[in-house]
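Visitor: I'd like to ask some things about the structure below.
The values are calculated or read from the model by the stated rules, or taken from the named source; none is laboratory data. Because the structure is predicted, anything quoted here is derived from the model rather than measured. A quick note on method: Cβ atoms are made from the backbone with ideal geometry, for glycine too, and the neighbour counts reach across all protein chains shown.
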Amino acid sequence: MTQKRVIIFSGGQLYSEYLKEIQEDDFIIGADKGALFLIHNHIHPHLSVGDFDSITPQEKEIVSSSSVTMISCDAFDKNLTDTELAFDLALEQQPTCILLVGGTGTRLDHTLANIHLLNRALQHHISFAILDNHNYITMTDSTLEVKDLGYTFVSLLPMTSEVTGITLQGFVYPLDHATLRQGQSLGISNRLSSNIGNITVESGSLLVIQSKD
């Protein structure tokens, strides 16, 4: 099966090293300020979307002229964040995976809303990850292969009231058909014991955060 990836650059914390994540065949979406970031770094988004209330009218003209397609929304009439708009448009590309960068930052509300998009990706059977300088965030409700990406810790947090049948292989602290419930910290700060770890879940949705200080 041919892999198709969409990479979304949103308007949170953005750094030039994120540009290294772009692969030749990626479909690139810039959400609001994320589109301007791409253009300033000589990347022309296939699609730019948002209300563009975080950039000036002159910068918006630059985004318009430098994007293959631009969708501009009224800041007061839209019901979705710019990142969720970008996510919905990413789904239209029928990708096998989506990567979101610039999806975290100082706005905890936006960060949490973006993390909840992982649930929607699961419903569409699409691999979805959120990347920043200190975290690589994914979610599973079945099986997940966790590769050593250079992070120190791997933490597990239930996104449903409980997650059952959690089995870990290739981790310093293994689990065998364990249950995690919301409010428990049992799954925090585990580590890989090999280059690849495997997570199996029988029921529920499990947030998997690879992180470093």
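Visitor: What's the number of the only condition in (1) in contact (Cβ under 8 Å) with a residue 24 or more places away in the chain; (2) out of contact with any Cys (no Cβ under 6 Å at 6 or more places or on another chain) that ASP88 fails to meet?
Guide: (1)
Visitor: Output the number of residues of segment 23-53 satisfying the condition of being under 13 Å from CYS97 (Cα atoms), assigned to a loop (DSSP other than H, G, I, E, B) and aliphatic (A, V, I, L, M).
Guide: 0
Visitor: Could you list, in sequence order, all residues of segment 190-207 that are of a type in the set (S, T, N, Q) and either touching a Cys at 6+ places or on another chain (Cβ under 8 Å) or surrounded by fewer than 13 Cβ atoms within 10 Å (Cβ to Cβ) (or both)?
Guide: Those that are of a type in the set (S, T, N, Q) and either touching a Cys at 6+ places or on another chain (Cβ under 8 Å) or surrounded by fewer than 13 Cβ atoms within 10 Å (Cβ to Cβ) (or both): SER194, ASN195.
The rows are residues; the columns are (1) surrounded by fewer than 19 Cβ atoms within 10 Å (Cβ to Cβ); (2) not β-branched (Val, Ile, Thr).
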site: HIS124; (1), (2): yes, yes
site: LEU168; (1), (2): no, yes
site: TYR173; (1), (2): yes, yes
site: THR179; (1), (2): yes, no
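Visitor: With in contact with a strand residue (DSSP E or B) (Cβ under 7 Å, 6 or more places away or on another chain), of a type outside the set (Lys, Arg) and over 23 Å from THR104 (Cα atoms) as the only criterion, which of PHE153, PHE171, PHE128 stands out?
Guide: PHE171
Visitor: Of all residues in segment 65-76, which are modelled with pLDDT of 95 or more, polar (S, T, N, Q) and not in a loop (DSSP other than H, G, I, E, B)?
Guide: Answer for segment 65-76, where residues must be modelled with pLDDT of 95 or more, polar (S, T, N, Q) and not in a loop (DSSP other than H, G, I, E, B): SER65, SER66, THR69.
Visitor: OK, next. Tell me, which residue of segment 162-183 that is without any contact (Cβ under 8 Å) to a residue 24 or more places away in the chain and in a loop (DSSP other than H, G, I, E, B) is farthest from the chain's Cα centre (by Cα)?
Guide: ASP176
Visitor: Filter segment 11-45 down to the residues that are within 12 Å of SER66 (Cα to Cα) and either surrounded by 15 or more Cβ atoms within 10 Å (Cβ to Cβ) or touching a residue at least 40 places away in the same chain (Cβ under 8 Å) (or both) and list them by number.
Guide: Of everything in segment 11-45, those that are within 12 Å of SER66 (Cα to Cα) and either surrounded by 15 or more Cβ atoms within 10 Å (Cβ to Cβ) or touching a residue at least 40 places away in the same chain (Cβ under 8 Å) (or both) turn out to be GLY30, ALA35, LEU36, PHE37, LEU38, ILE39, ILE43, PRO45.
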